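Enquirer: Starting off with a structure, shown below.
The values are calculated or read from the model by the stated rules, or taken from the named source; none is laboratory data. What you see is a predicted model, and the numbers here were worked out from it, not measured in a lab. Note: ideal-geometry Cβ built from the backbone for every residue, glycine included; neighbour counts use all protein chains shown. Just the protein is used for accessible areas: all its heavy atoms, side chains included, with ligands, DNA and RNA removed. Shrake-Rupley method; radii C 1.70, N 1.55, O 1.52, S 1.80 Å.
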Amino acid sequence: MLIDRLAFAGLRNLETLDVTPSPGINLIVGRNGSGKTSLLEGLFILGMGRSFRTRQLRHAIAHDKEEMTLFARLGGEPPLPIGVRRARHATELELRMGGERVSRLAKLIEALPLQLVNPDAFRLLEGAPAGRREFLDWGVFHVKHDFYDAWRRAKRALKHRNALLRHGRMDANNLAVWEQELAAWGERVDDLRREWIGSFIPVFEETLGSLIDLPDLTLRYSRGWDKQRSLREVLEQGRATDQQMGFTQNGPQRADLRIRLGRRPAVEVLSRGQQKLVVSALKLAQGRLLERTTGHGCLYLVDDLPAELDAEHRRVFCRLLESMRCQAFITSVEHDALAGSWKSHTPIAMFHVKQGVSGAGQLVPRAQIDFTTE
């Protein structure tokens with residue numbers, strides 16, 4: 001479902017806003033530090049329940065406000081209003097859907113699937129495996145309905161096994177119980193991940209080919225333990241060394257995606273611009289597979305699209321977004337940086353973010369957003 005109304009209050013340096021975004025391309029233009037990324041951050045919090053800029057959500061609340069309220073209405077029959085509220089001194093984020101309070105963050109993530117392309121996205125190539133597992137599991141979660149339960153059970157079993165490993169004397173019976181749980185649910189998590197990656201790779205290759213020609217680039221899934229042995233066998237045989245280390249060394253929590261160009265890790269070979277196109281292809285392919293599998297659209301947030309891309313690749317990126325008929329929010333310092341990148345008939349909703357002064361005589365920097373449609 002597409003967002004047909006957006007209302008934010010108390011988010012960083014943004015003035016209170018209530019706008020009707022375009023169902024297609026929404027371009028957010030303004031100087032560095034004006035608040036463009038804050039608008040993307042608010043959308044991200046709505047869809048993920050967390051920020052990509054800070055680990056503590058209270059830091060996203062405007063310094064002169066006591067709470068932050070973010071609201072979006074998803075179009076459909078009937079429309080679905082979703083919202084989050086975070087008070088400065090609260091310990092939890094309040095979630096609402098359809099006017100009712102919800103307790104499970106997974107409900108929010110399921111309602112508003114989104115992908116973010118920003119400088120942090122480079123971690124898919126250069127960062128630790130945890131970021132790639134998160135990317136992988138987002139995709140599996142949205143198309144495999146029993147994945148969340150299997151993932152949650154495997155995580156619980158892993159937590160208990162690790163706790164037993166850290167004890168001075170292991171309780172062998174308890175350890176065997178949790179190993180059986182971890183093996184069963186870990187194998188199920190792996191099955192679902194492998195099914196998903198088998199569907200994802202052709203979509204990724206198609207998407208990458210639309211952005212850049214890299215025929216030697218490969219994407220491979222590594223499950224996190226010896227592919228020749230069952231997880232139960234690996235856990236049992238690894239008890240002694242796991243106890244020495246104090247944690248479980250093999251299992252679904254060690255899964256990874258290997259992205260290589262020829263025989264070398266892609267990050268060691270590709271230029272920064274090429275890396276941006278690869279991670280963008282990964283993100284866009286996530287949404288394309290989601291739509292093809294479930295019929296549900298994906299929201300795309302692209303921070304500073306022109307950065308690291310020459311004019312031709314900016315145009316290629318924009319034309320691909322147009323062809324996907326998706327809803328996207330894109331930031332840019334200069335509007336002219338993307339001039340000529342869109343087809344002449346494409347409607348562009350424009351947000352001009354301008355730094356100003358808020359309050360009678362109070363020197364509180366705020367960002368005012370003017371909304372126009374080209």
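Enquirer: Regarding L301, is this residue under 14 Å from F135 (Cα atoms), at pLDDT 95 or above and of a type in the set (A, V, I, L, M)?
Expert: Values: under 14 Å from F135 (Cα atoms): no; at pLDDT 95 or above: yes; of a type in the set (A, V, I, L, M): yes.
No, not satisfied.
Enquirer: Now a separate question. Determine whether D256 is at pLDDT 95 or above, open to solvent by less than 50 Å² (accessible area, probe 1.4 Å), within 20 Å of the chain's Cα centre (by Cα) and among the acidic types (D, E). Give the steps one after another, and end with the answer.
Expert: Numbers: at pLDDT 95 or above: yes; open to solvent by less than 50 Å² (accessible area, probe 1.4 Å): yes; within 20 Å of the chain's Cα centre (by Cα): yes; among the acidic types (D, E): yes.
Yes: the conditions hold for D256.
Enquirer: Taking the stretch 15-38 as the search range and keeping residues that are under 24 Å from T346 (Cα atoms) and of a type in the set (D, E, K, R), which one is most open to solvent (accessible area, probe 1.4 Å)?
Expert: Kept after step one, since they are under 24 Å from T346 (Cα atoms), are these residues of the stretch 15-38: 18-30, 36-37.
Right, trim to of a type in the set (D, E, K, R) and you get 18, 36.
Details: D18: 90, K36: 16 Å².
Only one residue fits best here, namely D18.
Enquirer: Quick check: anything in the stretch 114-129 in a helix (DSSP H, G or I) and within 21 Å of L235 (Cβ to Cβ)? Outline the logic, then answer.
Expert: Keep residues of the stretch 114-129 that are in a helix (DSSP H, G or I), which gives 119-126, 129.
Going one step further and asking which of them are within 21 Å of L235 (Cβ to Cβ), we end up with 129.
There is at least one residue in the stretch 114-129 that is in a helix (DSSP H, G or I) and within 21 Å of L235 (Cβ to Cβ).
Enquirer: A follow-up question, please. Go through the stretch 1-14 and give me each residue that's aliphatic (A, V, I, L, M), surrounded by 18 or more Cβ atoms within 10 Å (Cβ to Cβ) and touching a Gly at 6+ places or on another chain (Cβ under 6 Å).
Expert: Correct list: M1, L11, L14.
Enquirer: Which members of the stretch 50-66 meet the condition of being in contact with a strand residue (DSSP E or B) (Cβ under 7 Å, 6 or more places away or on another chain), open to solvent by 10 Å² or more (accessible area, probe 1.4 Å) and in a loop (DSSP other than H, G, I, E, B)?
Expert: Result: F52, D64, E66.
Enquirer: I'd like to know if the stretch 67-88 contains one or more residues that are in a loop (DSSP other than H, G, I, E, B) and either modelled with pLDDT of 95 or more or among the aliphatic types (A, V, I, L, M) (or both).
Expert: First, the residues of the stretch 67-88 that are in a loop (DSSP other than H, G, I, E, B): 75-79, 88.
Next cut, either modelled with pLDDT of 95 or more or among the aliphatic types (A, V, I, L, M) (or both) only: none.
No: the stretch 67-88 contains no residue that is in a loop (DSSP other than H, G, I, E, B) and either modelled with pLDDT of 95 or more or among the aliphatic types (A, V, I, L, M) (or both).
Enquirer: What is the residue count in the stretch 136-166 for residues that are outside any helix (DSSP H, G or I) and either surrounded by 12 or more Cβ atoms within 10 Å (Cβ to Cβ) or touching a strand residue (DSSP E or B) at 6+ places or on another chain (Cβ under 9 Å) (or both)?
Expert: Initially, the stretch 136-166 is screened for residues outside any helix (DSSP H, G or I), giving 144-146.
So of that shortlist, the ones also either surrounded by 12 or more Cβ atoms within 10 Å (Cβ to Cβ) or touching a strand residue (DSSP E or B) at 6+ places or on another chain (Cβ under 9 Å) (or both) come out as 144.
Here the count works out to 1.
Enquirer: Taking G224, is it without any contact (Cβ under 8 Å) to a residue 40 or more places away in the chain and surrounded by 21 or more Cβ atoms within 10 Å (Cβ to Cβ)? Reasoning before the result, please.
Expert: On the way: without any contact (Cβ under 8 Å) to a residue 40 or more places away in the chain: yes; surrounded by 21 or more Cβ atoms within 10 Å (Cβ to Cβ): yes.
So G224 fits the description; yes.
Enquirer: Of V333, V357, which residue is under 25 Å from the mean Cα position of the chain (by Cα) and either modelled with pLDDT of 85 or more or open to solvent by 70 Å² or more (accessible area, probe 1.4 Å) (or both)? Walk me through how you get there before you give the answer.
Expert: Values: V357 fails: under 25 Å from the mean Cα position of the chain (by Cα).
Unique residue meeting the criteria: V333.
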